[in-house]
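The values are calculated or read from the model by the stated rules, or taken from the named source; none is laboratory data. Values in this document were obtained by computation on a predicted structure and should not be read as measured data. Here the Cβ positions follow ideal geometry from the backbone for every residue, glycine too, while neighbour counts run over all protein chains shown.
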Amino acid sequence: MELAKVKGQVVSTVRDPGLPNLTFLLVDIVDEHGKVTFPSQVAADTLGAGEGEMVLLVRGSSARMILEGKTPLDLSVIGIVDQISSGKEAIYSKYK
């Protein structure tokens, strides 16, 4: 799994027939402090994550498991992060 921050949305009205009508998000892969390690990735989202939120992602065959069938996906949102902590210190909180 990877951490990412949602930058925005990607709209694609013409797509592969095997790809259902999903929301696509533009995300930056980040470390636990929010520093960008890999910018501008596109991830499928079935959870409704919004701009500025931190999310958990999976790649490859795990990304395709969010849907049934042989969906051509490589990156999917599997969780919206509420908090990241190390020991007693909160590094990130959705509710700040």
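Numerical summary
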{"quantity": "Filter result for Ile78 (in a loop (DSSP other than H, G, I, E, B), out of contact with any Lys or Arg (no Cβ under 9 Å at 6 or more places or on another chain), of a type outside the set (S, T, N, Q) and at negative phi)", "calculated": "no"}
{"quantity": "Any chance Ile91 is modelled with pLDDT under 90, in a strand (DSSP E or B) and in contact with a Ser or Thr (Cβ under 7 Å, 6 or more places away or on another chain)", "calculated": "yes"}
{"quantity": "Pick from the range 51-72, criterion more than 9 Å from the chain's Cα centre (by Cα) and surrounded by 17 or more Cβ atoms within 10 Å (Cβ to Cβ), ranking: nearest to Val6 (Cα to Cα)", "calculated": "Glu53"}
{"quantity": "Every residue from the range 37-69 that is within 20 Å of Ile84 (Cβ to Cβ) and among the aliphatic types (A, V, I, L, M)", "calculated": "Ala43, Leu47, Ala49, Met54, Val55, Leu56, Leu57, Val58"}
{"quantity": "Enumeration of residues in the range 5-48 that are among the polar types (S, T, N, Q), assigned to a strand (DSSP E or B) and in contact (Cβ under 8 Å) with a residue 24 or more places away in the chain", "calculated": "Gln9, Thr23, Ser40, Gln41"}
{"quantity": "Some residue of the range 33-50 being surrounded by fewer than 11 Cβ atoms within 10 Å (Cβ to Cβ) and of a type in the set (A, V, I, L, M, F, W, C)", "calculated": "no"}
{"quantity": "Selection within the range 57-82 - more than 17 Å from Leu47 (Cα to Cα) and either of a type in the set (Gly, Ala, Ser) or without any contact (Cβ under 8 Å) to a residue 12 or more places away in the chain (or both)", "calculated": "Gly60, Ser61, Gly69"}
